[in-house]
Amino acid sequence: MKPKFGVLVTILMIVALVLSACKAPATPTPAPKPTEAAKQPTKAAEQPTKAAEKLKVVVATDAAFPPMEFVDENKNIVGFDIDLMNAIAKVMGFEVEFKNTAWDGIFAGLETGDYDAIMSAVTITDERKQKYDFSDPYINAGQIVVVRADETAIKGPDDLKGKTVGAQIGTTGALAVQKMEGVTLKEYDTIDLAFMDLVGGNIDAVVVDTPVAADYALNSDQFKGKLKIVGEPFTDEYYGVVVRKGEMQEFLKLFNEGLKKVKADGTYDKIYAKWISGGELVSPVKEEGKVAVPPAPDFPVKIAILAPLSGDVKTFGESTRNGALMAIEEAKAAGWKIDVVIGDSKCDAQEAANAANKVIFEDGVKYIVGAVCSSASIPISEICEANHVLQISPTSTNPAVTVNEDGSNKEYVFRACFLDPFQGEVMASLARELGAKKAAVLYDVGNDYVKGLAEYFKAAFEKMGGTVPVFEAYTKDDTDFSAILGKVAAADVDVLFLPDYYSKVNLIAEQVKEKGIKATLLGGDGWDSPELRMELFEGGYHSNHYSPADPRPIVQNFVKAYKAKYGAVPDALATLGYDAAKILLQAISEAGVDDPAVVKDKMAAIKYEGVSGEISFDEHGDPIKKAAIIKIENGKKVFYKFVAP
């Protein structure tokens, strides 16, 4: 955000770099109330969207704030803001004219109708929103710390106590430093003076907007090699386009729609790479915090979502469906044409096969997101492989989903989750870490997922030096576990591994409590449901594919958006459903044709950063990714730690 609003003498001394600092949140002194005529748009700015090609918008910018906006050697106004507005104008069919305007008069000129809008690295603040209307935010450029290149003691804002820190007077950087305990603020009329003092050793650090830090420290001929950025941005400062309150609403609608389009088609990323030197630090604003939507192809696609929407694990199916639909709806908003068919796999092999046959042979589906249970995904995978239909399972962890019985690869089958061998090893390692020497394992003999995970845990635990004196099976319909729990009690084990789904482990855990068994309860990702009875699992642990406590912005933004849409914190099933659908869409986009034979090759080579982590596939279509361990503490699930392969 740009600098102070007084001191006209300083403004007159500006050259291209002088105002390369964040501009302050205070609203400028109000101009005299303009006449009604002065408040009219410069051109026919309030025409409806259908007449957008006739719209011309005059936009003010203070072209002294590189890399956002500045005057180049050819006297042209250039920069990130300029290119972004021009790109949006092009895709939405309106004209734009930029007017170079000094910062301390820029808001007054808007109020008197000298131009229609401001795009000039203006931070969106609550105070400003009371007086003006803003577009959706188009970049997050929070405050960051810059130090000398040879500095080793300062690694971020937490190391500034006892230091002297420079900032431009009247900026959000100066305000941020003022709030730091034990830090001495030294203010400067222009930010380049602060950087000169820093290089000269007169101050210890400078706090400034990240784009400015990147431009000076990483790109400026004057300071390149002498300065470095440390830490991450420690504030959120979102830039937006400003218009008069209640006016230019059609223009704002066009801008917001266009922003989505240029993000979806890759134009935004190109502009971002061109101008923002510190690209890994300045954060492009994800639309509602979502993973970027890949460019829409010029053909419609039909996708089936197969999940257990009835039966014992219907909450798993509902979450998976919701996550996948959320990704698909985002794509539709960005121009994709997608027809969705939803089927109930019921976590049953025969029902899953029936659902797959229907969507493939009756509905003409070429792409399937599903199923959830491995026992359902395995028969679906066999049908898909035989008929060259591309399948990506969000959550099925049994190795047989992607590999044939003879060890050969199913070329048309992928998954978004880690595998049971890894999950079993993670939980066995945790058991040993907790000091366990003896473990009991109970499992459903008829469920591929449960039986496989039990076997992988047992093998890993024994390999690590533990013993498994109780390894007992039950059937899907069993409800009385007193006999096998008697064996658990007699063995006096340290941990009891229950790798089944939440509905079954609720029954078992209740009887564990009745028998007074004190072993720590451990489980797999099947525990991840709001219907897990927390009071029965106090002090227990389970593995999972993600944690809503993961501080990565991509996670926190997804959690926020999902909660706003569905009224609940997303579980791992929702997260993997979302990521699986996104991976499929990216592969289709990269293929450029509606042909699973081509799309599968693009998916095999994909690199995707999603909510559940970074994903690329091995030769079997399986991702290599970390696992989260969740602890149940005080009746709540809390993040314990991540474990990498």
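The values are calculated or read from the model by the stated rules, or taken from the named source; none is laboratory data. These numbers were taken from a predicted model, which means no experiment stands behind them. When we count neighbours, we look across all protein chains shown, and the Cβ atoms used for this are built from the backbone with ideal geometry, even at glycine. Note: areas computed on protein heavy atoms with side chains; ligands, DNA, RNA excluded. Shrake-Rupley method; radii C 1.70, N 1.55, O 1.52, S 1.80 Å.
Across segment 503-535, the number of residues qualifying as basic (Lys, Arg) and farther than 22 Å from Pro308 by Cα comes to 3.
Among the numbered criteria (1) in contact (Cβ under 8 Å) with a residue 24 or more places away in the chain; (2) assigned to a helix (DSSP H, G or I), which one does Met196 miss? Met196 satisfies all of (1) in contact (Cβ under 8 Å) with a residue 24 or more places away in the chain; (2) assigned to a helix (DSSP H, G or I) except (1).
If I filter segment 111-126 for residues that are open to solvent by 10 Å² or more (accessible area, probe 1.4 Å), closer than 10 Å to Ala60 by Cβ and modelled with pLDDT of 95 or more, do I get at least one hit?
Looking through segment 111-126, at least one residue is open to solvent by 10 Å² or more (accessible area, probe 1.4 Å), closer than 10 Å to Ala60 by Cβ and modelled with pLDDT of 95 or more.
Look at segment 381-392: where a residue is touching a residue at least 24 places away in the same chain (Cβ under 8 Å) and a partner is open to solvent by 30 Å² or more (accessible area, probe 1.4 Å) and part of a helix (DSSP H, G or I), sitting 6+ places away or on another chain with Cβ atoms under 7 Å, you get Ile383/Asn357; His388/Ala597. If you go through segment 423-441 and keep only what is within 26 Å of Val611 (Cα to Cα), of a type outside the set (S, T, N, Q) and open to solvent by less than 40 Å² (accessible area, probe 1.4 Å), you end up with Gly424, Val426, Met427, Ala428, Leu430. Would it be correct to say that Glu590 is under 30 Å from Lys302 (Cβ atoms) and assigned to a strand (DSSP E or B)? Answer is no for this residue. Only residues that are under 21 Å from Ser374 (Cβ atoms), part of a loop (DSSP other than H, G, I, E, B) and among the acidic types (Asp, Glu) were counted in segment 499-543, giving 3. Residues that are under 18 Å from the mean Cα position of the chain (by Cα) and of a type outside the set (Gly, Ala, Ser) within segment 624-638 comprise Lys625, Lys626, listed in sequence order.
Cβ-Cβ distances below 9 Å connect the following pairs, each with a first residue in segment 464-492 that is over 19 Å from Gly424 (Cβ atoms), a second residue that is among the hydroxyl-bearing types (Ser, Thr, Tyr), and a separation of six or more residues or different chains: Phe481/Tyr474; Ile484/Tyr474. Among the residues of segment 477-494, are any open to solvent by 60 Å² or more (accessible area, probe 1.4 Å), of a type in the set (Ser, Thr, Tyr) and either touching a helix residue (DSSP H, G or I) at 6+ places or on another chain (Cβ under 8 Å) or assigned to a loop (DSSP other than H, G, I, E, B) (or both)? Yes - at least one qualifying residue is present in segment 477-494.
Exactly one residue among Tyr216, Tyr238, Tyr272 is under 29 Å from Gly166 (Cβ atoms) and open to solvent by less than 10 Å² (accessible area, probe 1.4 Å), and that residue is Tyr216. Which ones in segment 98-130 are farther than 18 Å from Tyr239 by Cβ and among the aliphatic types (A, V, I, L, M)? Residues satisfying the conditions are Ala102, Ala108. When segment 241-262 is limited to residues that are open to solvent by 30 Å² or more (accessible area, probe 1.4 Å) and in a loop (DSSP other than H, G, I, E, B), the one that is farthest from Gly79 (Cα to Cα) turns out to be Gly246. Taken residue by residue, segment 574-582 has no member that is surrounded by fewer than 22 Cβ atoms within 10 Å (Cβ to Cβ) and of a type outside the set (Asp, Glu).
Thr402 meets all of the listed conditions (1) closer than 19 Å to Trp527 by Cα; (2) within 33 Å of the chain's Cα centre (by Cα) but one, namely (1). Scanning segment 606-625 for residues being under 19 Å from Ser393 (Cβ atoms), touching a residue at least 12 places away in the same chain (Cβ under 8 Å) and open to solvent by 70 Å² or more (accessible area, probe 1.4 Å) gives a total of 2.
Reported count of residues in segment 287-331, each being touching a strand residue (DSSP E or B) at 6+ places or on another chain (Cβ under 7 Å), within 16 Å of Glu590 (Cα to Cα) and open to solvent by 50 Å² or more (accessible area, probe 1.4 Å), is 1.
Restrict the check to segment 451-468 and report whether at least one residue is among the aromatic types (Phe, Trp, Tyr), buried (at least 18 other Cβ atoms within 10 Å of the Cβ) and assigned to a strand (DSSP E or B). The answer is no; no qualifying residue exists. Among the residues of segment 127-152, those identified as crowded, with 18+ Cβ neighbours inside 10 Å, in a loop (DSSP other than H, G, I, E, B) and at pLDDT below 90 are Ala141, Gly142. Scanning segment 153-183 for residues that are open to solvent by 10 Å² or more (accessible area, probe 1.4 Å), at pLDDT 90 or above, in contact with a Lys or Arg (Cβ under 9 Å, 6 or more places away or on another chain) and not in a loop (DSSP other than H, G, I, E, B) returns a single hit, Thr164.
Among the residues of segment 399-409, not a single one is open to solvent by less than 40 Å² (accessible area, probe 1.4 Å), out of contact with any Pro (no Cβ under 8 Å at 6 or more places or on another chain), modelled with pLDDT under 95 and closer than 19 Å to Pro645 by Cα.
Only one of the numbered conditions (1) under 19 Å from Glu247 (Cα atoms); (2) at pLDDT 95 or above; (3) open to solvent by 20 Å² or more (accessible area, probe 1.4 Å); (4) not hydrophobic (A, V, I, L, M, F, W, C) is violated by Thr35, and that is (2). Listed conditions (1) under 24 Å from Val301 (Cβ atoms); (2) of a type in the set (Phe, Trp, Tyr); (3) assigned to a strand (DSSP E or B) are all met by Phe639, apart from (1).
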